[in-house]
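The values are calculated or read from the model by the stated rules, or taken from the named source; none is laboratory data. Because the structure is a prediction, the values reported are computed rather than measured. Please note: Cβ atoms are built from the backbone with ideal geometry, for glycine as well, and neighbour counts cover all protein chains shown.
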Amino acid sequence: MSDEALLNRLLAERRDAYRRYNEALTLVDRAIQSVPDLPKAPAGYDETLLPTINETWSIYSKETPPRPEGWGTRIFGMIWPALSPILDKQMAFNAAVVEHLNRNVAAHRETQAALERALPALRDAFDGLIRFESLLVQYLQTVTPLADAHYREIDDAIAQLRTVTDVAQRNAIIAKREVERRGAPMAPGTSAPTQAPQAPQAPQAPQAPRHPD
């Protein structure tokens, strides 16, 4: 594979990776959640009538009431045996209801307090999660310009490399042609140029003798 083909393949792979990065960033941006409409904590357990219920649940004493005198004795003897079991059942029911209310009032209080604490905390947690998601998308968006700048630097370096390569190739072609031209055989009937003979130097005139002063 030639250098140009390898470079084109790398550039195509880079474009494909950049496209997939943008698609993934779009999906992340669309996946940012919104804070759900959480309900407010419900009203607290109504304990208004609980003291009254605790005071009035017993409707009669378990002791047998005194028998009336006179003719009422006979009537009481006929009614009380039938009425007593009914009153006992009612008393047992009242006692069970009061016990249930008293036993569960603490649980209702704890549930109310837990909801009052949990709902704001849950809302804050959703706010924090959404804020984190938004910051994450913003961070990923800041990566894109950095990558673009990096890619531009690479493109500039590639362009400069191509320019240097083209110049080197042209110089190599010119040098090859020059070498081929100098090493080519001479045409027939031509002779190599000879060096021109140097002109003879003129003899120097004899110097006259010097007379002593």
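Observations on the model:
- Hits in the stretch 46-60 - residues which are part of a loop (DSSP other than H, G, I, E, B), touching a residue at least 12 places away in the same chain (Cβ under 8 Å) and surrounded by 10 or more Cβ atoms within 10 Å (Cβ to Cβ): GLU47, TRP57, SER58, TYR60
- Residues of the stretch 83-96 include none that is in a helix (DSSP H, G or I), farther than 30 Å from VAL35 by Cβ, in contact with a helix residue (DSSP H, G or I) (Cβ under 8 Å, 6 or more places away or on another chain) and of a type outside the set (Gly, Ala, Ser).
- Single condition GLY77 does not satisfy, out of (1) modelled with pLDDT under 85; (2) not hydrophobic (A, V, I, L, M, F, W, C); (3) not in a helix (DSSP H, G or I): (3)
- Test: residue in the stretch 197-211 that is of a type in the set (D, E, K, R) and either modelled with pLDDT of 70 or more or touching a helix residue (DSSP H, G or I) at 6+ places or on another chain (Cβ under 8 Å) (or both): no
- Residues in the stretch 137-196 that are acidic (Asp, Glu) and modelled with pLDDT of 75 or more: 3 in all.
- Set side by side, the residues ALA24, ALA43, ALA5 differ, and just one is part of a helix (DSSP H, G or I) and exposed (fewer than 10 other Cβ atoms within 10 Å of the Cβ), which is ALA5.
- Failed condition for ARG109, given (1) surrounded by 10 or more Cβ atoms within 10 Å (Cβ to Cβ); (2) over 30 Å from ASN54 (Cα atoms); (3) at pLDDT 75 or above: (2)
- Restricting attention to the stretch 7-26, the residues being among the basic types (Lys, Arg) and touching a residue at least 24 places away in the same chain (Cβ under 8 Å) number 1.
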